[in-house]
Amino acid sequence: MSKRKLGIMTGSGTTKQPRHWSLGLLGSMEDPESIVKKTERIVVIRDKYPKAKIHYLVLPYEDINSIYKLTEKHTSLLEEFGKLYEELKEKHKESNLRAGFHAVPSMQRLHMHVISTDMISPCLKTKVHWNSFTTRFFIPYQDVLKGIKEDGGIKKISNELHKSLMSTELICNQCNFKPKNMPQLKEHLLTHVK
Ligand code: AMP
Ligand code: ZN
């Protein structure tokens, strides 16, 4: 079994329990090194493998697994997500920040990405990374809020759409340049830095 499947060793006291990798955010939510801001209901942490110069995750303490568990009753919680997004934009006035959720998250516990559009980071390596933030796979915060308010929830995307979004041809998120591969895209992104 891979190291990733075995998970990290974590827990409290002397008996450390293995925790599946997909639960890793739960540890970071309690880690003072990761935490940027806490309220009664929500915590903002730094993404451990940032895919841009600025990359935060906003998570509720309530045990909500993903956007697909959200209903109208979570409206005020989601509105507070928006407030924290506004605060982060205020803190990083020099950057262009977007907020949204992956249509098919890999990690458990609902989490909203707040990420800068530069997409400059050594952790951004694959086409899947790129397409997960630059295609419709990234569902904007406002769409999720609207979905729960107006439709009472969010509909899952089909496997076909998931596959096609992940295999979308590379295209720069700041101009029409179509790079041949990820190294060329990463080099190109540097040309957009002011
Ligand atoms: P996703 O589930 O695809 O929406 O994204 C999960 C995000 O969590 C990715 O951006 C990862 O870089 C990030 N991540 C993975 N493990 C951790 C961790 N232990 N602490 C903080 N961020 C993490
Ligand atoms: Zn470009």
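The values are calculated or read from the model by the stated rules, or taken from the named source; none is laboratory data. None of the values given here were measured: they were computed from a predicted structure. Note: ideal-geometry Cβ built from the backbone for every residue, glycine included; neighbour counts use all protein chains shown. Accessible surface areas use protein heavy atoms only, side chains included; no ligands, DNA or RNA. Shrake-Rupley method; radii C 1.70, N 1.55, O 1.52, S 1.80 Å.
The set of residues in segment 65-115 that are over 15 Å from the mean Cα position of the chain (by Cα) and assigned to a loop (DSSP other than H, G, I, E, B) comprises 70, 71, 92, 93, 94, 95, 96. Within segment 130-146, is there a residue that is away from ligand 1 (no atom under 16 Å from the Cβ), out of contact with any Lys or Arg (no Cβ under 6 Å at 6 or more places or on another chain), open to solvent by less than 60 Å² (accessible area, probe 1.4 Å) and not in a helix (DSSP H, G or I)? Scanning segment 130-146, I find no residue that is away from ligand 1 (no atom under 16 Å from the Cβ), out of contact with any Lys or Arg (no Cβ under 6 Å at 6 or more places or on another chain), open to solvent by less than 60 Å² (accessible area, probe 1.4 Å) and not in a helix (DSSP H, G or I), so the answer is no. Just one of the numbered conditions (1) closer than 20 Å to residue 59 by Cα; (2) basic (Lys, Arg); (3) surrounded by fewer than 17 Cβ atoms within 10 Å (Cβ to Cβ) is not true of residue 109: (3).
Residue-wise test of (1) aliphatic (A, V, I, L, M); (2) closer than 30 Å to residue 180 by Cβ; (3) touching a residue at least 60 places away in the same chain (Cβ under 8 Å).
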| site | (1), (2), (3) |
| --- | --- |
| 58 | yes, no, no |
| 73 | no, no, no |
| 82 | no, no, yes |
| 90 | no, no, no |
| 110 | yes, no, no |
| 134 | no, yes, no |
| 138 | no, yes, no |
| 143 | no, no, no |
| 157 | yes, yes, no |
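Among residues of segment 32-50 that are surrounded by 15 or more Cβ atoms within 10 Å (Cβ to Cβ), none has a Cβ under 6 angstrom from a residue that is at pLDDT below 95 at a sequence gap of 6+ or on a separate chain.
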